[in-house]
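*Asks:* Structure provided below as structure tokens; questions to follow.
We did not get these values from a lab; they are worked out from the coordinates using the rules stated. Remember, predicted model here, so these are calculated numbers, not experimental data. Don't worry about glycine lacking a Cβ; one is built from the backbone with ideal geometry, like all the others, and counts go over all protein chains shown.
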Amino acid sequence: MKRSSLIAFFAALFILALWEVLCKSLNIPDFILPAPVSILKVAIFRAPLILPHAGITALEILTGILISLAVAVPLSMVMFAYPSVEKAVAPFLVASQAVPVFAIAPLLVVWLGYGIASKVFMAAVIIFFPITVNLLEGFKSCDREYRILFQLMGARFFKTMRLLYWPWALPHFFAGLRVGVSVATIGAVIGEWVGAQKGLGYLMIQANARLKVDMVFAAILWLSVMGMTLWVFVGFLEKRVIKWK
Amino acid sequence: MLSVKNLSKDFNSLSILENFNLTVPKNGFTVLIGPSGCGKSTLFDLLTGVVPIDEGDISLFGEKVPHLREKAAYMQQKDLLLPWFSLMDNALLPARITGADIDQSRKKAQALFERLGIGGFENYMPGEISGGMRQRCALVRTLMFERDLVLLDEPLSALDAITRRSLQSLLLMLQKEFKKSILMITHDIEEALLLADELLVLTSPPMRIREQFTFDDEKPRNASDPRLIEIKEYVLSQLQKDMNNETV
């Protein structure tokens, strides 16, 4: 294990140990702040209850990622090919991020219903921006000399895109995707808070109302595991795809 | 083969080229040398259509052309190999872009890899080999263009002296064995004297031809040839004078 990973591991262990000791020594009741061991027990032993909800949230997040990719990748290419389109679309892109997702969540539930569509849409909106912006910047960062070389070889836009711009922008794309997947859970959970019948967000709201704070934390733990799994998977994919770095 | 007549270019009312004329004969090796910032690279930008010309004509084989894009092969100081492709795939880039038969092109590239001394490295990635080998691969890619005219923009300036010397002989091979016509920019006067059939010494902007030397003798030449040393000293003194005038 790397030294930095060891430091992170022991730091986390120290914080958890301190949390456990404080909860026990101060007799903090579970409905205020459960100790880490209690949370872990709930997360493991109540897994049959939690996992179906986690599955729904995972489905919302993964669908959101796929939809945002399907929109962000072609849109970045079009904006790169036609700077006038970028100028026209940029204000809307910024506006989509300037409006908090909390603000539009109730509207989306009204428009798209209590099913997974509204949550998927919210996750997609959150993921879409970092992927689009990073990919566009990646295309733009391509060295002038390489562009000239391709021009001189007589390459048209799509061949240049396939052979030069796309591989060039891949590290930027993965950076955007990493940011995207790590915040994707926010969109899905907010949607579930506002109106849902399934999902980790729904479970958290229900547990909170019954003062089952250990279940709230267990749901958060599973959500964190999902986010970290996605993060690690994107990192793994990046290493497999970008072999030349 | 290549004829440039009365080429002019201004940048922000500063004249870089003014009625510049140049001829590269078929199978000739013309070398341009001049002080830094004199406009040599701008000339290549104009020739390749990267920057539009203000005035003047470019003719190739007697036919006027707007620029040499898609008509000349081009090799720069940087090898510009794509790091995500193997050396073979980099060499096949022109074929992939022009839609040429890949199997045929692969055979041709394979022969060039052998001829240029990098046989056996076809499947290596650019990051795994030395600068000299990368430049050899760039030369293979340049030859894969099947274009008669080759523009070389300081192709060896980033290399160490020994690698440079061995690649100079490959540039001569371009001319002799592959029958290419070459227009090269260099900062290295000795390199220019070893390779050129025609050496054009340029002035500071607006760029003009200060001196022109024609060499009819056989190549490879010997750098210790007294005549070459004499020309080298003369050219260096002229370039130095130019730089001093600029400083004043």
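*Asks:* If R₀ is 60 angstrom, what is the calculated FRET efficiency for the pair A:K245 and A:L51, using the beta carbon separation as r and rounding to 0.05?
*Replies:* Details: r = 36 Å, r/R0 = 0.61.
Approximately 0.95, to the nearest 0.05.
*Asks:* Leaving out same-chain residues fewer than 8 places away, which lysines sit with a Cα under 18 Å from that of A:K119?
*Replies:* Leaving aside lysines fewer than 8 places away in the same chain, those within reach of A:K119 are A:K198.
*Asks:* Starting from the Cα gyration tensor of the protein assembly as shown, multiply each eigenvalue by 5, take the square root, and state the resulting semi-axes largest first in whole Å.
*Replies:* Ellipsoid half-lengths, sorted descending, are 63, 25, 21 Å.
*Asks:* Radius of gyration and Dmax for the range A:118-237's Cα atoms, expressed in Å?
*Replies:* Cα-based Rg and Dmax for the range A:118-237 come out at 20.1, 69 Å.
*Asks:* Over the Cα atoms of the range B:79-146, what is the Rg over Rh ratio if Rh follows Kirkwood?
*Replies:* Numbers: Rg = 10.5 Å, Rh = 11.5 Å.
A ratio of 0.92.
*Asks:* Quick check on the range B:21-64: take the gyration tensor over C-alpha atoms, sort the square-rooted eigenvalues as a ≥ b ≥ c, and tell me if it's rounded (a/c under 1.5), prolate or oblate. Intermediate results must be reported in sequence, preceding the final value.
*Replies:* Values: a/c = 2.31, a/b = 1.14, b/c = 2.02.
Because a/c hits 1.5 or more and a/b fails to exceed b/c, the range B:21-64 counts as oblate.
*Asks:* Further question: Holding the Cα-Cα limit at 29 Å, pick out from A:K87/A:K159; A:K159/A:K245; B:K5/B:K179; B:K40/B:K107 the pairs that are longer than that.
*Replies:* Numbers: A:K87/A:K159 24 Å; A:K159/A:K245 22 Å; B:K5/B:K179 24 Å; B:K40/B:K107 36 Å.
From A:K87/A:K159; A:K159/A:K245; B:K5/B:K179; B:K40/B:K107, over 29 Å: B:K40/B:K107.
*Asks:* If only Cα atoms are counted, what is the Rg of the range B:90-247, and what is its Dmax, in Å?
*Replies:* Final numbers for Rg and Dmax: 17.9, 56 Å.
*Asks:* Classify the range A:159-209 as rounded, prolate or oblate from the Cα gyration tensor: take a ≥ b ≥ c as the square roots of its eigenvalues, call it rounded if a/c is under 1.5, otherwise prolate when a/b beats b/c and oblate if not. Before the final figure, lay out the partial values.
*Replies:* On the way: a/c = 6.70, a/b = 4.08, b/c = 1.64.
Prolate, since a/c reaches 1.5 and a/b exceeds b/c.
*Asks:* Hey, another quick one. Where the only charges are on Cβ atoms (+1 Lys, Arg; -1 Asp, Glu), what is the dipole of the range B:1-129 about its Cα centre, to the nearest 20 debye? Display every interim value, and only then the final one.
*Replies:* Details: 13 positive and 15 negative charges, 56 e Å.
Once rounded to the nearest 20, the dipole reads 260 debye.
*Asks:* Based on the Cβ-Cβ distance from A:L18 to A:R210, what FRET efficiency comes out when R0 is 25 Å, to the nearest 0.05? Intermediate results must be reported in sequence, preceding the final value.
*Replies:* Details: r = 28 Å, r/R0 = 1.12.
Working from the Cβ atoms, E equals 0.35.
*Asks:* Rounded, prolate or oblate: pick one for the range A:33-119, where a ≥ b ≥ c are the square roots of the eigenvalues of its C-alpha gyration tensor, a/c under 1.5 means rounded, and failing that, prolate if a/b is larger than b/c, else oblate. Intermediate values should be presented prior to the final figure.
*Replies:* On the way: a/c = 2.61, a/b = 2.38, b/c = 1.09.
Judged from the Cα gyration tensor, the range A:33-119 comes out prolate (a/c at least 1.5, a/b above b/c).
*Asks:* Using 7 Å Cα-to-Cβ label points, what is the B:D216/B:S13 separation (nm, one decimal)?
*Replies:* 4.9 nm
*Asks:* Would you list the membrane-span-like helices of chain B, meaning whole DSSP H runs whose alpha-carbon atoms span at least 20 Å along their axis and whose mean Kyte-Doolittle value is at least -1.0?
*Replies:* Values: long enough: B:161-176 (23 Å, 0.31); B:226-247 (31 Å, -0.83).
Going by DSSP H runs, the hits are B:161-176, B:226-247.
*Asks:* Okay, moving on. If you average 1/r over every pair of different alpha-carbon atoms in chain A and take one over that average, what Kirkwood value in Å do you get?
*Replies:* Details: mean 1/r = 0.0491 Å⁻¹.
Kirkwood hydrodynamic radius for chain A: 20.4 Å.
*Asks:* State the volume of the convex hull built on the alpha-carbon positions of the range B:1-46, expressed per residue in Å³ and rounded to an integer.
*Replies:* Numbers: hull volume 3.3 nm³, N = 46.
Value for the range B:1-46: 71 Å³ per residue.
*Asks:* Assuming R0 = 56 Å, what is the FRET efficiency of A:L33 and A:F92, from their Cβ-Cβ distance, to the nearest 0.05?
*Replies:* Working: r = 43 Å, r/R0 = 0.76.
So the FRET efficiency works out to roughly 0.85.
*Asks:* Over chain A, with a Gaussian network built from C-alpha contacts below 10 Å, which listed residue (A:Q97, A:Q151, A:Q206) shows the highest mean-square fluctuation?
*Replies:* A:Q151
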